[in-house]
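> Please see the structure below; I have some questions.
Every read-out reported here was derived from the displayed coordinates using simple, explicitly stated rules and does not represent laboratory data. Remember, predicted model here, so these are calculated numbers, not experimental data. Neighbour counts run over all protein chains shown; Cβ positions are idealised from the backbone, glycine included.
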Amino acid sequence: DAGVIQSPRHEVTEMGQEVTLRCKPISGHNSLFWYRQTMMRGLELLIYFNNNVPIDDSGMPEDRFSAKMPNASFSTLKIQPSEPRDSAVYFCASSSWGSGANVLTFGAGSRLTVL
Amino acid sequence: AQRVTQPEKLLSVFKGAPVELKCNYSYSGSPELFWYVQYSRQRLQLLLRHISRESIKGFTADLNKGETSFHLKKPFAQEEDSAMYYCALSGAGTGGGNKLTFGTGTQLKVEL
């Protein structure tokens, strides 16, 4: 398995533009998580899905952010319109629950710069 | 609500010195605690979890429910230990999968 795959790895865009980040979780994993990493706030959970259903989106900053998981092998995080304060590294992670211990496998991250 | 606190943003130690990365948590139920590590230019990865009671790369962490702490320790720091370390807590979610909350991280720098 290639692990959790994220694209793009780097994105530079201008304020006001739409940004779409993509994630392919590990095959067979039931849960998918979107995190944002910044120097000031560390890793913040934005939203997570279980069996493609959004469970907790309380970490989504505002209405400009949305996330979807149309099937078990794909998820998107969209920012529209983007702002400079959205600049961060966005991580996707997946896990397989059932054993009781929730161990996440992370993607390489998408580094977003909004000018 | 679940919360993880890592009071130190940066910890600098000399090679061979003991290391302790602090982590405190707040959770009303029975937590599962983890340490994740991110080496330079690598993905964030699991280092260890409290239920395994294992030592990984010389690191150990003991869950102290009385003090609500899960400090990460290593008796002798090595240069390759330099990395960002995140403490994380898994609490009960709904629908089966558990929500993992991370602290703000501690950058460990091991100097020669």
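> On full extension of the chain, what length is gained from B:T5 through B:H50, given 0.36 nm per residue of separation minus the C-alpha to C-alpha distance?
Net length gain for the segment: 14.5 nm.
> Over every pair of different alpha-carbon atoms in segment B:45-112, take the mean of 1/r and invert it; report that Kirkwood radius in Å.
13.6 Å
> For segment B:1-77, build the convex hull from the C-alpha positions and give me its volume per residue in Å³.
Hull volume normalised by residue count: 111 Å³.
> Same structure again: Would you mind ranking B:K74, B:K57 so that the residue whose beta carbon has the fewest other beta carbons within 10 Å leads the list?
Ascending number of Cβ neighbours within 10 Å: B:K57, B:K74.
> Within 12 Å, Cβ to Cβ, of B:Q2, how many net charges do the neighbouring residues add up to if Lys/Arg are +1 and Asp/Glu are -1?
Within the 12 Å Cβ shell, the charges total 0.
> In a GNM of chain B with a 10 Å cut-off on Cα contacts, which of B:G91, B:G29, B:G16 has the highest mean-square fluctuation?
So, out of B:G91, B:G29, B:G16, the one fluctuating most is B:G29.
> Looking at the protein assembly as shown from every direction and averaging, what is the projected area of its Cα convex hull in nm²?
On the way: hull surface 49.4 nm².
Averaged projected area of the protein assembly as shown's Cα convex hull equals 12.3 nm².
> Find out how many positive minus negative residues lie around B:R41, taking Lys and Arg as positive, Asp and Glu as negative, among other residues whose Cβ is under 15 Å from that of B:R41.
So the surrounding residues net to +2.
> Continuing with this model, one more query. Using only C-alpha atoms and all pairs of different ones, pull out the Kirkwood radius for chain A in Å with one decimal.
Values: mean 1/r = 0.0709 Å⁻¹.
Kirkwood hydrodynamic radius for chain A: 14.1 Å.
> Counting pairs of alpha carbon atoms under 8 Å apart in space and at least six apart in sequence, what relative contact order in percent does chain B give?
Contact order relative to length: 38 percent.
> Mind checking segment B:40-80 for chymotrypsin sites (Phe, Trp or Tyr not before Pro) that DSSP puts in a loop (not H, G, I, E or B) and that have at most 15 other Cβ atoms within 10 Å?
Numbers: sites: B:F59, B:F70, B:F76; in loops: B:F70, B:F76.
Within segment B:40-80, the qualifying chymotrypsin sites (Phe, Trp or Tyr not before Pro) (loop, at most 15 other Cβ atoms within 10 Å) are B:F76.
> May I ask for the net charge around A:R22, where only other residues with Cβ less than 13 Å from the Cβ of A:R22 are counted and Lys, Arg are +1 while Asp, Glu are -1?
+3
> What are the trypsin sites (Lys or Arg not before Pro) within segment A:22-51 that DSSP puts in a loop, where the Cβ has at most 14 other Cβ atoms within 10 Å?
In loop regions of segment A:22-51 (DSSP not H, G, I, E or B), the sparsely surrounded trypsin sites (Lys or Arg not before Pro) are A:R41.
> Okay, moving on. Of the listed pairs A:K24/B:K73; A:K68/B:K9; A:K24/A:K68; A:K24/B:K9; A:K24/B:K109, which have alpha-carbon separations greater than 23 Å here?
On the way: A:K24/B:K73 34 Å; A:K68/B:K9 33 Å; A:K24/A:K68 12 Å; A:K24/B:K9 31 Å; A:K24/B:K109 33 Å.
From the list (A:K24/B:K73; A:K68/B:K9; A:K24/A:K68; A:K24/B:K9; A:K24/B:K109), the Cα-Cα distance tops 23 Å for A:K24/B:K73; A:K68/B:K9; A:K24/B:K9; A:K24/B:K109.
> In addition: By counting other Cβ atoms within 10 Å of each Cβ, how are A:R9, A:R64 ranked from fewest to most?
A:R9, A:R64
> Next question. Which of the GluC sites (Glu not before Pro) across segment A:1-52 are loop residues per DSSP, with 15 or fewer other Cβ within 10 Å?
Qualifying residues, ordered by number: A:E14, A:E18.
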